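The values are calculated or read from the model by the stated rules, or taken from the named source; none is laboratory data. These numbers were taken from a predicted model, which means no experiment stands behind them. Cβ placement follows ideal geometry from the backbone for every residue including glycine, while neighbour counts extend to all protein chains displayed. For accessibility, only protein heavy atoms count, side chains too; no ligands or nucleic acids. Shrake-Rupley method; radii C 1.70, N 1.55, O 1.52, S 1.80 Å.
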Amino acid sequence: MSVSARPRPRALDSPAPKVVAARHPWRWVGIAVVLVLLAQFVHGLATNPGWDWATFARFITARSVLDAVVVTLELTLYGTVIGFALGMVLALMRLSRSRFLEAVSWTYVWAFRSIPLIVQLLFWFNISYLYEELNFGIPFGPTFFGFPTKDLISPMGAAVLGLALHQAAYAAEIVRSGVISVDHGQLEAAAALGIPRSRQLRRIVLPQAMRSILPNATNEVISLFKGTSVVSVVAIGELFYQVQVIYGRNARVVALLMVATAWYIALTTLLSIVQHYVEKHYAKGATRNEDGWRWAR
């Protein structure tokens, strides 16, 4: 005969167990340290005369600076549009079944990622040193017409060409990684339904790949926006070049650098806000959460 022990029922008037929240004392110490450092930084900005806020206020909306901001935005726009258009073609070449197209795409990405941007800009700016004329005709045979290369590529054209070709190499890998992140079963199901390959790409693959492409693509656009400062080597009047010209005249280096910093921060913030809403749009239906957006927070 076996005897089983039964748990004694808890008295109805006994208090419920008390739940104690976990304490994180070092978290509060870290918050206090960060707040103290932030307060010291803000105090230094307000009281240190070396920041020269009067000069900053004078040039932040100066006509020459605003014109330079426009040039910077133009370079960013042209470099982004041309770079990502070419990058998408390179990505599709890399994903194609043709070994030749795959090799061409791989070689392009390898070459333009290996050469520093400043070298590419200087190369295109001095292209007339290598090739004085651009001729059209039969290869290794007679030419029909030609024109001097010194009149073909202006400093602005060299800057756009260098930025776009450099950006295309990175854009190709971003697009390719987004496409291969889509479940292959989606393509198999679409093929079973008889959907053409071009429509599979437009209606099935790219909308799903955009969730992976957008964060990296936006980071590249922001990097390109800040990287336009490199074109100052070919005397393009973008933001950083114009700031250098001004502080070269009045020797207010810190104040003018803060002017450039303020514009870079403001425009980068706007790009980040646009990224937020575009990602939110393409994240719909990604999860069961409301708007499919919480996964990206």
Y129-S64 pseudo-label distance in nm [points 7 Å out on the Cα-to-Cβ vector]:
2.8
Go ahead and set up a Gaussian network model of the chain, Cα springs under 10 Å, then flag whichever of G137, G185, G162 fluctuates most.
G137
Under the helix-only model (-39500 (n - 2.57) for each DSSP H run of 4 or more, divided by the residues of the chain), the mean residue ellipticity at 222 nm, to 500 deg cm²/dmol, is -22000 deg cm²/dmol
If ligands, DNA and RNA are left out, what is the accessible area of K150 with a 1.4 Å probe, given in Å² to the nearest 10?
150
Accessible surface of the chain, 1.4 Å probe, proportion on carbon and sulfur as whole %:
63
5 Å is the cut-off here: which amide hydrogens, built 1.01 Å from N in the peptide plane, fall below it relative to L134, excluding neighbours closer than 5 in sequence?
F147, T149
Selection of GluC sites (Glu not before Pro), region 69-166, meeting DSSP coil and at most 13 other Cβ within 10 Å
E132
Cα centre as origin, Lys/Arg/Asp/Glu Cβ charges: region 52-283 dipole, Debye
460
Estimate the FRET efficiency between F136 and I115 by the formula 1/(1 + (r/R0)^6), using the beta-carbon distance for r and 25 Å for R0, to the nearest 0.05.
0.40
Would you be so kind as to identify all helices of the chain, as entire DSSP H runs, whose Cα atoms reach 18 Å or more along the helix's own axis and whose mean Kyte-Doolittle hydropathy is at least -1.0?
25-47, 63-95, 99-114, 155-180, 206-227, 253-282
I'm spelling it out carefully: the read-out is Cα Rg over 2.2 N^0.38 Å, the candidates are (1) 0.94; (2) 1.29; (3) 1.51, and one was derived from this structure. Which label?
(3)
Using the charge dipole of region 52-283 (Lys, Arg: +1 at Cβ; Asp, Glu: -1 at Cβ; taken about the Cα centre), state which of I236, L86, V254 has its Cα farthest towards the positive end.
L86
